[in-house]
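Q: Just dropping this structure here.
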Amino acid sequence: MSTGSTLALVPSVLREYGETTRAALQQYLPVREPRRYLYDLLSDYPRRGGKMMRPSLCIAACRMFGARLEDAVRTAVAIEMLHNGLLIHDDIEDGSEQRRGQPTLHRLHGMPLALNAGDMLTLASLRPLLDNRNVLGESLALRILEETERMARECAEGQAMELGWRRDNSIGVSDADYLKMVLKKTCWLAAIYPIRVGVLIGTRGGCDLDRFVRFGFFLGAAFQIQDDLLNLVADSRYGKELNGDLFEGKRTLLLIHAFRRSTPRERARLSSLLARPREERTAEEVGWLRYLMDKYTCSEYAQRMAHELAGAALHEFALLTASLPDSRDKSFLEQMPTWVIERT
Amino acid sequence: MSERKRLHRNDPSRGGPLRNFSNLYSQPGVLNGGSKAKDSATSQEGHDKTRAEGRPGEGVGLAYRVIEKYLAEGRLAAERLNPLSYGNGATAAPLQELVERMLRQQVEMLPLWLELFGSLARVDPARTGDPARANSRPMNNGSSSKHNISLEIASRQPVEVFLDLQEHSERLALVTSGLHALRPKARALTEIRFTPRKGESRSKLSIKIPARQPSGTYSGVLVDRANGDVRGTLSIRIGRSVSPRTTAR
């Protein structure tokens, strides 16, 4: 596993590919009326920054096979637009208050306008994918669109699972259920899809894309668990509200573990707490939830799981790329599993 | 006998059977770094394969089970939607897939070359029954005078030969690593020899088709032995009821 100075490569590549993607993304965010009610809202989340992990994975996966950056940049733009559009919807569905260190879009502009902006941003991501025809040809552009449709379906299924568990106050969610939900909700958009379309472009469709699902899953799941862990840590860099997941009653690995470990009395209290809407959960109750997680060493448990998944991702990556020549992009992808669990 | 006091494990304080292997010899939770064994002994789930507690690495095991089940479900769904078999090619390695794609492209390109360079040179068609050897006439198309290649084929079956050669290649020592069919099981055609033109003599392309070679189209590239540069493509169609012919550019 790469550590220390070698991990400097990851921030460097994220910065470089992130800037390239942002610059190209500007062309797809029109500056016209109605700005105040729509187009300013569209560019709000992308302007706030972000790690740019998804577009960077796409570009690196493409270049790892020797293709040009220009071949992947439109797809990378589409991924980032789609990601930001879905974030607007996620924030509404979760009742989140902060995104990238600022109030969420629906808190700033109200739910109807935010919802509309999310719809627009999601659909606008189709434009760069259609523009792929001019660079990659009709056939490859169509295959990328097919991959996008698959990802959107997986993503919606995963989101539905999580929202359904919360609505029904499901308390029997297992680790396997959680991993399946994360596979669909997080991994497809965060890792599997960007890598698959990157490889698709890089090999001009000459590679079995299913081979990259495992790597994307392990990488994405390690990323999500680390995200859940960071949610419990107060740090302005993280950009989300402290304990936001607890207020929202999200079925994280930590919560599932806490529930499993609890005594019957604790479990009854936990169930009652989670059954109430977010507005009715007090800071005191959330504090008790934190106490419960500390008591049952849930963070350590989740951390261990994240580390194991990162190790599995490294293993899968080594199998996938053994025959590929060394390159900066290959090293970047190789170091991603370590980076996702060490990021703060 | 030892004076040391014998170690004694306290009776387990459990309310039900322990079905989790990792908890057989320790209090539940101990392996997870938990010191709260007393509370966790009443944990509601201590039994199935849907959790990752226990020895290090079980998280990976669980994750692999989830992803393999997911992939298996995907395969099953795909099989239902498309039950057709592609033969062994469906499970071929990526390199094999690339080779197949390359060959397919070449096969698709050959008819185009046919249209472009039009006229065909017929090779002695009398090839039935016993193995026969036949010398081809020089190719009689627009560029035949440049190539001036004779064709020698030994085959029990009807064959059709497509030769697409760059100009000024007839004096080079051309070799091929074999002509391959799309079906991975069909063995490659390897008995192909190119004798370069010397002085006024013609170049000669000798092809021997094994007796039981499966019918189909076999394609490959001709490269310059000196530097490995690709100088042309050669494609042979076996077993069709068409007249043997060649074409070249």
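The values are calculated or read from the model by the stated rules, or taken from the named source; none is laboratory data. Source: prediction; values computed, not measured. Neighbour counts run over all protein chains shown; Cβ positions are idealised from the backbone, glycine included. What goes into the accessible areas is simple: the full protein's heavy atoms, side chains included, and nothing from ligands, DNA or RNA. Shrake-Rupley method; radii C 1.70, N 1.55, O 1.52, S 1.80 Å.
Q: Taking the condition of being in a helix (DSSP H, G or I), open to solvent by 10 Å² or more (accessible area, probe 1.4 Å) and either closer than 21 Å to residue A:340 by Cβ or within 13 Å of another protein chain (Cβ to nearest Cβ) (or both), how many residues in region A:162-185 meet it? Give the derivation first.
A: Taking region A:162-185 and keeping what is in a helix (DSSP H, G or I), we get A:162-167, A:175-185.
In the following step, the residues that additionally are open to solvent by 10 Å² or more (accessible area, probe 1.4 Å) were identified as A:163-167, A:176-177, A:180, A:184-185.
Subsequent filtering for residues that are either closer than 21 Å to residue A:340 by Cβ or within 13 Å of another protein chain (Cβ to nearest Cβ) (or both) retains A:176-177, A:180, A:184-185.
Total meeting the criteria: 5.
Q: Under the condition of being more than 14 Å from the chain's Cα centre (by Cα) and basic (Lys, Arg), which residue from region B:171-193 is farthest from residue B:152 (Cα to Cα)?
A: So, considering only residues that are more than 14 Å from the chain's Cα centre (by Cα) and basic (Lys, Arg), the one farthest from residue B:152 (Cα to Cα) is B:171.
Q: Within region B:181-202, does at least one residue satisfy the condition of being touching a helix residue (DSSP H, G or I) at 6+ places or on another chain (Cβ under 7 Å) and part of a strand (DSSP E or B)?
A: Going through region B:181-202, the residues touching a helix residue (DSSP H, G or I) at 6+ places or on another chain (Cβ under 7 Å) turn out to be B:182-185.
Subsequent filtering for residues that are part of a strand (DSSP E or B) retains none.
No, the conditions are met nowhere in region B:181-202.
Q: On to the next question. Can you list the helices (runs of 4 or more DSSP H) lying wholly within region A:231-326 that have 2 or more residues being of a type in the set (A, V, I, L, M, F, W, C), within 30 Å of residue A:65 (Cβ to Cβ) and at the interface with chain B (Cβ under 10 Å from one of its Cβ atoms)?
A: Details: elements: A:244-248, A:253-261, A:264-275, A:283-295, A:298-321.
Result: A:298-321.
Q: Here's something else I'd like to know. Which pairs turn up if I take residues in region A:212-230 that are free of Cβ contacts under 8 Å to residues at least 24 places away in the same chain and look for partners that are surrounded by 24 or more Cβ atoms within 10 Å (Cβ to Cβ) with beta carbon separation below 7 Å, at least 6 apart in sequence or on another chain?
A: A:213/A:192
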